[in-house]
Amino acid sequence: MPNQPLPTLHELEIVRERLKEQIAQIGDLRLGTLSESYRKCGKPTCHCAREGDPKHGPFYLLYRRGKGQKAIGHAIPGKYVEKTREQVAECHRFRELCREYMEISEQIGDLKMKAQGEGLSEPVKKNS
């Protein structure tokens, strides 16, 4: 497979501007993971106690890492589940756009240094 030509500084700057525009369009964000669960209530006479009967639910919890990296769950009422899913997806989209933006910015910085006759040194392994 032939090598692809490297993008020019101008092309990279155009990509970065497009990423800025996409980031500016980001809507409401919500960190975490939304999960759906079903539970038994614990009453021995309830239908959920019988083998094969459906449990109570669905219940929706939004989990995210709190301070100290312990997962914290928040109950999400059913009428807000779809909006919460959209907000979680938007958060993932934001993170991906930011990752792409940083990669493009790094390439732009490298090209600008190279254009000024300087460049990055070869990578150095730690403790070698």
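Determine, from the Cβ-Cβ distance of Glu11 and Ala89 and an R0 of 22 Å, the FRET efficiency 1/(1 + (r/R0)^6), rounded to the nearest 0.05.
Values: r = 29 Å, r/R0 = 1.32.
The pair Glu11/Ala89 has a calculated efficiency of 0.15.
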Fill in: Between helix 81-115 and the chain: long-axis angle, C-alpha atoms, 0 to 90°, nearest 10
10
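Tell me the trypsin sites (Lys or Arg not before Pro) within region 49-116 that lie in a loop according to DSSP and have at most 16 other beta-carbon atoms within 10 Å.
On the way: sites: Arg50, Lys55, Arg64, Arg65, Lys67, Lys70, Lys79, Lys83, Arg85, Arg93, Arg95, Arg99, Lys112, Lys114; in loops: Arg50, Lys55, Lys70.
Here the trypsin sites (Lys or Arg not before Pro) that fit, given the DSSP loop and packing criteria, are Arg50, Lys55, Lys70.
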Worksheet item: For the chain, modelled as a GNM with alpha-carbon contacts under 10 angstrom, which of Ala71, Ala24, Ala49 fluctuates the most?
Response: Ala49
Worksheet item: Along the Cα-to-C-beta direction of Gln107, a point sits 7 Å from the Cα; which residues of region 1-44 have their amide N less than 20 Å from that point?
Response: 1-24
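Within 10 Å of each residue's Cβ, count the other Cβ atoms and sort Ile76, Ile26 from fewest upward.
Numbers: Ile76 20, Ile26 13.
Ascending Cβ contact count within 10 Å gives the list Ile26, Ile76.
Set the Förster radius R0 to 35 Å, insert the Cβ-Cβ distance between Leu61 and Glu100 as r into 1/(1 + (r/R0)^6), and round the FRET efficiency to 0.05. Write out the running numbers ahead of the final one.
Values: r = 30 Å, r/R0 = 0.87.
Calculated value: 0.70.
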Worksheet item: Mind checking the angle between helix 9-24 and the chain's longest principal axis? C-alpha axes, 0 to 90 degrees, to the nearest 10.
Response: 30
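Let me make sure I get this right: for region 1-40, a, b and c are the square roots of the gyration tensor eigenvalues over alpha carbons, sorted descending. Under 1.5 in a/c it's rounded, otherwise prolate if a/b > b/c, else oblate. Which is it? Spell out each step's value before the answer.
Numbers: a/c = 7.62, a/b = 2.12, b/c = 3.59.
Oblate, since a/c reaches 1.5 and b/c is not below a/b.
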Worksheet entry | Matching label, log10 I(q)/I(0) by the Debye sum over Cα atoms at q = 0.13, 0.16 Å⁻¹ computed from the structure shown, candidates (1) -0.47, -0.73; (2) -0.80, -0.96; (3) -0.64, -0.84 | (2)
Practice prompt. Tell me the label-point distance for the pair Cys48, Glu36, using the 7 Å Cα-to-Cβ offset, in nm and rounded to one decimal.
Written response: 1.6
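Taking 8 Å as the Cα distance limit and 6 or more residues as the minimum spacing, I'd like the relative contact order of region 54-126 as a percentage.
On the way: 31 pairs, mean separation 12.1, N = 73.
Value for region 54-126: 17 percent.
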Discussion item. Relative contact order of the chain, please, whole-number percent, based on alpha carbon pairs below 8 angstrom and at least 6 residues apart.
Written reply: 28
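Out of the GluC sites (Glu not before Pro) in region 45-128, which ones are loop residues according to DSSP with at most 16 other C-beta atoms within 10 Å? Show your work: numbers first, answer last.
Numbers: sites: Glu51, Glu82, Glu86, Glu90, Glu96, Glu100, Glu103, Glu106, Glu118; in loops: Glu51, Glu118.
Answer in residue order: Glu51, Glu118.
Rule-based calculations on the coordinates, nothing more; no lab input. These numbers were taken from a predicted model, which means no experiment stands behind them. Cβ coordinates were reconstructed from backbone atoms using ideal geometry, including for glycine residues, and neighbour counts include every protein chain displayed.
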